[in-house]
1. If you take the residues in the range 289-337 that are open to solvent by 70 Å² or more (accessible area, probe 1.4 Å), in contact (Cβ under 8 Å) with a residue 12 or more places away in the chain and not in a loop (DSSP other than H, G, I, E, B), which one is farthest from Ala495 (Cα to Cα)?
2. Taking only the range 295-322 into account, find how many residues are closer than 9 Å to Thr353 by Cα and among the acidic types (Asp, Glu).
3. Does Ser1038 satisfy the condition of being modelled with pLDDT under 75 and either within 23 Å of Arg781 (Cα to Cα) or out of contact with any Gly (no Cβ under 8 Å at 6 or more places or on another chain) (or both)?
4. Which of the residues spanning the range 617-631 are under 13 Å from Met152 (Cα atoms) and open to solvent by less than 40 Å² (accessible area, probe 1.4 Å)?
5. I need the full set of residues from the range 222-261 which are out of contact with any helix residue (DSSP H, G or I) (no Cβ under 7 Å at 6 or more places or on another chain), at pLDDT 80 or above and open to solvent by 80 Å² or more (accessible area, probe 1.4 Å), in order please.
6. Quick check on my filter: what residues within the range 474-509 are free of Cβ contacts under 8 Å to residues at least 40 places away in the same chain and in contact with a Ser or Thr (Cβ under 8 Å, 6 or more places away or on another chain)?
7. Could we say that Val466 is open to solvent by 10 Å² or more (accessible area, probe 1.4 Å) and not in a loop (DSSP other than H, G, I, E, B) here?
8. Criterion first (surrounded by fewer than 17 Cβ atoms within 10 Å (Cβ to Cβ) and part of a helix (DSSP H, G or I)) does Val1035 satisfy it?
Amino acid sequence: MPTNFTVVPVEDGQPSSPDSDVQSPEGEDEEKPGLYSGEETPGEDSPFITTGDHEGSCDGKNMALFEEEMDSTPMVSALLNKLANYTNLTQGVIDHEKAESEDGVKKGPQMGTFIGVYLPCMQNILGVILFLRLTWIVGTAGILGSFAIVFMCCVCTLLTAISMSAIATNGVVPAGGSYYMISRALGPEFGGAVGLCLYLGTTFAGSMYILGTIEILLMYIVPDGALFVDKANEPVAQLNNMRVYGTCCLALMALMVFVGVKYVNKLALVFLSCVILSIMAIYAGVIRSAISPPDFQICLLGNRTLKNHDFEKCLKTEVINNSTVTTQLWEQFCNGSSIDADCDPYFALNNVTETKAIPGLLSGVISENLWGTYVPYDTVLEKNLSVAEVPESEKEKLKNVKDMPYVFNDITTYFTLMVGIFFPSVTGILAGSNRSGDLRDAQRSIPIGTILAIVTTSIIYLSCVVVFGACVEGVVLRDKFGFSVKRTPVIGILAWPSPWVLVIGSFFSCCGAGLQSLTSAPRLLQAIAHDGLVPFLQVSTSLKLSDYLLSRRIASLLYVFPSFLSFPLFFLMCYLFVNLACAVQTLLRTPNWRPRFKFYHWTLSFLGMSLCLSLMFVSSWWYALFGMLFAGCVYKYIEYRGAEKEWGDGIRGLSLNAAQYALIKLEEAPPHTKNWRPQLLVLLSLDSDLMVKHPRLLSLTSQLKAGKGLTIVCSVLQGIYMNRGADFLKLFSMAAEKTKGFCHAVVCSNLRDGFSNLIQSAGLGGMKHNTVLMAWPCNWRQAEDSSSWKNFIETVRETTSAHQALLVAKNIDSFPCNTERLTEGTIDVWWIVHDGGLLMLLPFLLRQHKVWKKCKMRIFTVAHLDDNSIQMKKDLYMFIYQLRLDAEVEVVEMHASDISAFTYEKTLVMEQRSQLLRQMQLSKTEREREVKIILHRCSIMENVHLISLLSFYKYLHLCFLFHQAHMFHGKNTKSHTGSPSSDHVHMTWTKEKFISERNRHREASQGVRDIFNMKPNQSNVRRMHTAVKLNEVVVNKSQGAHLVLLNMPGPPKNKGGDENYMEFLEVLMEGLDRVLLVRGGGREVITIYS
């Protein structure tokens, strides 16, 4: 239902009051120029806004609430005038019209429905096929077959016009026509592919019209103007004449189009008048044939049609002065003019008869022409009559039929060929939409004018099929070039008052249609280049001579290779995508799909699309495949090399709907083990320039994508979102590493919370990540801030709680990039514990990539004292065989042994370091006091007795810790250098404060003494023993491997042992180059079943 708008006037300035009745005196404004000129700043009580940026858009206190946003959100009062007076310029010809117009000013679009849409469509639809080939189609396919062909083609174009009308009325359509509508509805890839197909179709259509022009010129107007004459091989000579004259005519038309486009537009009305006069002459001739049929006779020898342009009388002999003499026809079938000459047996046995070429509308010939007559190539056109057969004894005397003046069929005829030949006659339905920039109201004119033109031309074509079959003799209809009627077009002998009316009218009609095609083709090419879809067309962003020359050269291909006459497939592809665009937009029900044309439905669009596809394959299935292959290649080229455009097209909306449907279906149940694949969440760290610290992590991600899973590359920016929103544009260059996936970043006050939010909320529905990939925190011992390794451990805990797998890459910068090719080596898997089989799956995925393709897979497992290592190896081999993995298996025996002194001392040093770091996590004042105490205790290390108690390794490690404490003390004191007594702690002492500080001093001293007197925890000693022994075995077997995959032990439940956990992992990976720690998500990811 219509929407009512109400405009409410708002009084500007101060509200009226009894105190404001005093009028300003005349000239007061001149006395206060600063009020309006801005020479002085008005006070806060001034009712005027003098800011220049908002002048004209917000000029009163009533809108002052919105004055700060006027740059991005203009006032409706200022916007409505621009929207209502929107005009679109004609694309392509603006340069010509500006240069050719006298005043150089482009006039606004003024054409209405009749002049702008209806008449151009009529001129392009009614053309060369109607005048030169429709009678032949009717004679060959019959009235019923021809009616079916015409009806099918007209329905196809009508359904396409309905879809096009819906698209054209869904908003303002700038100049560009059907290409613009398809590209904006289906996206740049489809738009570019269909645009090039439409360009080729339009160019070849111009060639077809020019061929029709030359045929009319050489066959009917100037038959003696042929340059090549060869009666023995007449079709070849005729084709050569077409090539020569067609090339000259094409060059002349191309020059005319390039020199003056406006002259071509002015001649369009003349050409259209010729079309209308010719059609009126045809209908006038039909009416005349019902009253008095024209006296056109055809000559038949038996039932064979003869060419009557080489003889005057259809007689064998005639009586002149009471003597029988032979005629010109006798000489063509006999060896001489003598009455006793040897003649062709068929000529001697059959009589020569004459019959009317136009029996008339009421003659009843319609019953003879109902059914089709399909004949092979080089067959004589025969009428369905009884004739005398040549005896077998006389057949050897028959002369060569090719030497006789018979009318032959120049091509093998069949139904699908008739469809392909007729369809170009209805391809002018886009003429109106192509002029959208010149129309006064395109949304109203395009639907009405196009559909009305299709209905009118459909009635004309269907009626012509019936009247041709009802008025013209069948053999005459099948005479394509009119040889049987003295080289007159068959439709011309029906026209009234003279055949020359139709000959001249059809000649100028073909000329006009060819000029229109050569005019629109370069504009279409320029429109495609202007959008920047095809890179090699960037030189054609404005109409230049090269555009016309390119169109001319492509059009000339039709003369060199006549098989390109199957060009209608390009138009059919265009119509197919018009219907597809309407159907997709209708089914998607996007909020922006609100066409004013209401008489459409998606079923009609699908019917039109199916009909277009059927006609493509019916006309010529091999050309249909070629056209689809060509469009597919252009589509992939634009997708790979073309400019990225976002036009809100329907294909993107269709993808969104499909993605939504798939996500909803994925929510119904978790994926089966056979469908499990790593959906990666890659946690990246950024430097101060927002560059990725470890780009090889993206390389490893792409190498793992053989599973074709989801990839989300994310990172965290520290700060406030409103302050760092612009930094998002600088993040992540995934294309450099050929990683396909999604980028995601969050701004958070600290990295810990940011990564936690990403692990919890990244992904959508069933497309959530199930695996987290991150880098091992290198140099975590030397880091001044402990947040790096603490964040790492918390990430491990969160992935475990979320039942997600975790991959940790050590020395990630040494991993191969995507361009490297690893030589023969191994990927070693150390299967210590079973946590879902992810360790087995990852090497298989890596080996699918070309980087790791030549690497072999080895699987190691550990056997203990009570295990049967031989049976374990057999079982492992069988398990790997059932998993269909190509890998070598080996069982490593690791017997129990006593804990070495090295392990004991290493554990002790680890715990001392942890204790020292915990004691340093104090306040600033307490930290300074503890550092002084620790530095004082450093002198103890010089004691020989302590060195005898501690190993040399422990001594060096503790010295390193004290060095860190000293550096930390220096860093803290450096910030106080501005004070003359920065080495001392300044405090305000009270009695209570003195007692508190003395107790803290005693506790700190006791804590330092505990470091040197502590004993290691036995549980930590056992863990360290396992890490040391396992590291020895792994280094012994896999030190030369390209990659080592290890089970990652879980973090301790007690957070007090986090530092020890990092030490255990460091010892476990010591001495290995590339390590990938793997921790399963708690579910099976690989199965032996199919």
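1. Filtering first and then ranking leaves Thr324.
2. 0
3. Numbers: modelled with pLDDT under 75: no; either within 23 Å of Arg781 (Cα to Cα) or out of contact with any Gly (no Cβ under 8 Å at 6 or more places or on another chain) (or both): yes.
Taking the combined requirement at face value, the residue does not satisfy it.
4. At the first step, the residues of the range 617-631 found to be under 13 Å from Met152 (Cα atoms) are 618-619.
Ser619 - this is the single residue of the range 617-631 that is under 13 Å from Met152 (Cα atoms) and open to solvent by less than 40 Å² (accessible area, probe 1.4 Å).
5. Across the range 222-261, the qualifying residues are Asp224, Cys248, Leu252, Leu255.
6. Answer for the range 474-509, where residues must be free of Cβ contacts under 8 Å to residues at least 40 places away in the same chain and in contact with a Ser or Thr (Cβ under 8 Å, 6 or more places away or on another chain): just Pro499.
7. Details: open to solvent by 10 Å² or more (accessible area, probe 1.4 Å): yes; not in a loop (DSSP other than H, G, I, E, B): yes.
Yes: the conditions hold for Val466.
8. Yes; evaluated as a whole, the condition is true for this residue.
The values are calculated or read from the model by the stated rules, or taken from the named source; none is laboratory data. Every value quoted in this text rests on a predicted model; they were computed, and no experiment measured them. Glycine gets a Cβ as well: all are built from the backbone with ideal geometry, and neighbour counts include every protein chain shown. The area values use the complete protein model at the heavy-atom level, side chains included, leaving out ligands, DNA and RNA. Shrake-Rupley method; radii C 1.70, N 1.55, O 1.52, S 1.80 Å.
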